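A short write-up of the structure that comes next.
The values are calculated or read from the model by the stated rules, or taken from the named source; none is laboratory data. Small disclaimer: the values here were computed from a predicted structure and weren't measured. Positions of Cβ are generated from backbone atoms using ideal geometry, with glycine treated the same way; all protein chains shown enter the neighbour counts.
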Amino acid sequence: MPNPTYPIYPAYSKILLAVDGSDSARCATQEALAFARLAQAHLHAVYVVHKWGLAPYSGYYDPDALGRVLNEDGRLTLDAVRRTMNAHDVRLSVEICETDGKSDSIAECLQRCAKLQDADLIVMGTHGRHGVSRAVLGSVAEGVLRISSCPVLVVRA
């Protein structure tokens with residue numbers, strides 16, 4: 001029987017939810033919702049714009065135009081998270097963050113956001129790629145796991 005002086009779950013008061021509009025991010029949203037309700041925590045949803053993410057061999061493009069499109073996608077994605085959390089009375093704030101240029105990564109941007117928000121937990125989805133596709137595309141979840149200063153819950157769709 002657990003000692004009544006210790007909680008049976010860690011005390012998460014601030015949860016950072018990383019979203020990107022994918023199916024795995026929608027599953028992560030449901031897990032973050034469950035944790036936030038259980039712990040009566042504040043949820044901070046973040047969408048990262050990485051307009052430098054296209055490979056240099058993919059042709060010419062305007063990073064500013066891509067940034068505008070990605071910001072709009074982020075706004076729509078965060079609106080969906082807001083509707084979900086409002087339906088369940090979860091305290092929520094949202095943010096669109098941009099990476100700091102070509103050398104910055106989404107994982108590093110998420111880590112900075114987690115530190116600024118003083119997050120106790122990061123919840124994010126993963127696409128579950130492996131092999132060549134993971135090597136070529138990289139893994140944001142793996143990057144966050146490697147550098148995170150707080151626990152990370154990775155949810156697979």
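Observations, loosely collected:
- The residue that is modelled with the highest pLDDT, counting only those in segment 63-109 that are over 19 Å from the mean Cα position of the chain (by Cα) and assigned to a helix (DSSP H, G or I), is A87.
- Of all residues in segment 25-51, those that are in contact (Cβ under 8 Å) with a residue 12 or more places away in the chain and under 17 Å from V94 (Cβ atoms) have Cβ atoms under 8 Å from Cβ atoms of residues that are part of a helix (DSSP H, G or I) and of a type in the set (F, W, Y), 6 or more apart or on another chain, in A41/F35.
Conditions (1) at pLDDT 95 or above; (2) part of a loop (DSSP other than H, G, I, E, B), marked per residue:
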position	(1), (2)
Y12	no, yes
L16	yes, no
S24	no, no
E31	yes, no
H44	yes, no
Y47	yes, no
K51	no, yes
